[in-house]
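Okay, so here's the structure we're looking at.
The values are calculated or read from the model by the stated rules, or taken from the named source; none is laboratory data. Bear in mind that the values here come from a model prediction, so they are computed numbers and not experimental data. Here the Cβ positions follow ideal geometry from the backbone for every residue, glycine too, while neighbour counts run over all protein chains shown.
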Amino acid sequence: MQIEIMAFNPVGFFEIAIDRSNGRPLIGIPFDVGPAGHCNYYVISDVEYRQGLADPRSLDHLVSGQDFRGSGRLYHSTWAHHPSKSCTS
């Protein structure tokens, strides 16, 4: 797994990312657990990914606070494994 952050929405406070190991497009939503900060990454469609790269705010409808409103599943949680590069870094 090689998650790379490609864009960031400072208003909605989420990332547009991709897993370079398999090309899977993702959205990263931060949550506060201790001082490190962590992210949950959810699968998004290729269309949503391209829209998010062009304008990260175009995906505001997919995120409400720390909740994912899209149809994709939870792909990876930095909390479940170890602190790594997260939404806040």
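Quick rundown of the values:
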{"read-out": "Of residues in region 8-26 being of a type in the set (A, V, I, L, M) and out of contact with any Asp or Glu (no Cβ under 7 Å at 6 or more places or on another chain), the one surrounded by the most Cβ atoms within 10 Å (Cβ to Cβ)", "value": "I16"}
{"read-out": "Per-region count, region 42-73, residues in contact with a strand residue (DSSP E or B) (Cβ under 6 Å, 6 or more places away or on another chain), at pLDDT below 95 and either at positive phi or part of a strand (DSSP E or B) (or both)", "value": "2"}
{"read-out": "Residue in region 28-39 that is modelled with pLDDT of 90 or more and in contact with a helix residue (DSSP H, G or I) (Cβ under 6 Å, 6 or more places away or on another chain) present", "value": "no"}
